[in-house]
Amino acid sequence: MNAVISNPSERRLVLASGRAHPELAESVAEHLGIDLLPTTAYTFANGELYVRFGESVRGADAFVLQSHAAPINEAIMEQLIMIDAMKRASAKRITVIIPMYGYARQDKKHKGREPISARLMADLFKTAGADRVMSVDLHTSQIQGFFDGPVDHLWAMPLLADYVKSRVSPGNLTIVSPDAGRVRLADQWSDHLGAPLAIIHKRRDPSVPNQVKVHELVGEVKDRTCVLVDDMIDTGGTIVQAAEALFENGAKDVIVASTHGLLSGPAVERLSKSGVSEVVITDTLPISEEKQFDKLTILSIAPLIARAVREVFDDGSVTSLFDGHV
């Protein structure tokens, strides 16, 4: 009689997608060489969401991908329901892939009686059953500490920077931070491309969202091609005012590079009419046809997410994808 009961089954990777950005999920699955998990999802007349997976996930290493795109609250709730379904179906480990982390800008209290919604998000995913979180370019790095478990913080800068390098000679580039909060990101761009750094100082009225006032520029931009770098473009107000400040200080050209293209409200019109020559983003969020314009370039983030998923599944190192940087 054998003393050990053996199990011939091997570890299994499954990738499930919500309805917010199926094109990205399909591209990630293609890079992994797998099919997406068959999923039934629909919305009841009263707005309630329903999700059911068409195949067993028992014992699987499950990855649940959902971009927090508009309508953002529906996308978040759908992902939470998917996680709950995975947990109740006995998935061995659940990794939540959030290309764009919703509510990331609410990461601290600016005034009394405000929430810290980015922390609430982490609590919701943990309670739903997530064992691990994977996201691309969090608004602030400290959000990693809100989740009580591993967080894989993917970094889109090399993808964006290499594209810019292929378009413009690094010798005439200046990397520009549109505000003090993006200085660390701009510094990483500067190191990667070997280009000097400039900073735009601005003041934002905390009581009026999406409105900024540019004040002064620190750094040399005259007769140079400036690359304005940010983690997201929402209404485009910050970026367009920053670009205007650069042109007023003698910049020859301005390129905008950002990971997340929210492109809300007047963003498309503002960017189209601005003096910016190109706006480069990734597809962490779906970009509908009405949000696309001649100056817009969209780079695929799917290969990076697929490589990170593979490293997690193989118990490898996600940090190794970025030469030790996080």
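The values are calculated or read from the model by the stated rules, or taken from the named source; none is laboratory data. Source: prediction; values computed, not measured. Here Cβ is always computed from backbone atoms with ideal geometry, including for glycine, and neighbour counts include all displayed protein chains. In case anyone asks, the SASA skips ligands and DNA or RNA and just uses the protein heavy atoms, side chains included. Shrake-Rupley method; radii C 1.70, N 1.55, O 1.52, S 1.80 Å.
Observations, loosely collected:
- Applying the criterion of being crowded, with 24+ Cβ neighbours inside 10 Å and of a type in the set (A, V, I, L, M) to the residues of the stretch 256-270, the residue that is farthest from the chain's Cα centre (by Cα) is Val256.
- Residue match in the stretch 42-49 (condition: more than 21 Å from Phe147 (Cβ to Cβ) and of a type in the set (Val, Ile, Thr)): yes
- If you go through the stretch 272-291 and pick out every residue that is in contact with a strand residue (DSSP E or B) (Cβ under 9 Å, 6 or more places away or on another chain) and closer than 22 Å to Tyr101 by Cα, you end up with 9.
- Residue list for the stretch 7-19, filter: open to solvent by 30 Å² or more (accessible area, probe 1.4 Å) and under 21 Å from the mean Cα position of the chain (by Cα): Arg19
Residue by residue, here is whether (1) buried (at least 18 other Cβ atoms within 10 Å of the Cβ); (2) among the hydroxyl-bearing types (Ser, Thr, Tyr); (3) in contact (Cβ under 8 Å) with a residue 40 or more places away in the chain; (4) touching a strand residue (DSSP E or B) at 6+ places or on another chain (Cβ under 6 Å) holds:
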| site | (1), (2), (3), (4) |
| --- | --- |
| Glu216 | no, no, no, yes |
| Ile239 | yes, no, yes, yes |
| Glu248 | no, no, no, no |
| Ile301 | yes, no, yes, yes |
| Asp315 | no, no, no, no |
| Thr319 | no, yes, no, no |
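- Qualifying residue in the stretch 60-78 (condition: farther than 20 Å from Leu24 by Cα and either at pLDDT below 95 or open to solvent by less than 80 Å² (accessible area, probe 1.4 Å) (or both)): yes
- Any hit, the stretch 33-53, residues being surrounded by 15 or more Cβ atoms within 10 Å (Cβ to Cβ) and within 20 Å of the chain's Cα centre (by Cα): no
- Some residue of the stretch 162-184 being within 25 Å of Ala60 (Cβ to Cβ), in contact (Cβ under 8 Å) with a residue 40 or more places away in the chain and not in a loop (DSSP other than H, G, I, E, B): no
- Checked against (1) closer than 22 Å to Leu173 by Cβ; (2) of a type in the set (A, V, I, L, M); (3) free of Cβ contacts under 8 Å to residues at least 40 places away in the same chain, Ala267 meets all criteria but (1).
- Filter result for the condition that a residue is open to solvent by 30 Å² or more (accessible area, probe 1.4 Å) and at pLDDT 95 or above, over Pro196, Pro206, Pro170: Pro196
- Among (1) of a type in the set (S, T, N, Q); (2) within 17 Å of Ala242 (Cα to Cα); (3) open to solvent by 20 Å² or more (accessible area, probe 1.4 Å), the one test that Ser177 misses: (3)
Each row is one residue, and each column tells you yes or no for (1) within 18 Å of Val279 (Cβ to Cβ); (2) within 14 Å of the chain's Cα centre (by Cα); (3) not hydrophobic (A, V, I, L, M, F, W, C).
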| residue | (1), (2), (3) |
| --- | --- |
| Ser135 | no, yes, yes |
| Gln142 | no, no, yes |
| Phe147 | no, no, no |
| Pro150 | no, no, yes |
| His153 | no, yes, yes |
| Leu173 | yes, no, no |
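- Flag if Leu159 is modelled with pLDDT under 95, surrounded by fewer than 23 Cβ atoms within 10 Å (Cβ to Cβ) and under 19 Å from the mean Cα position of the chain (by Cα): no
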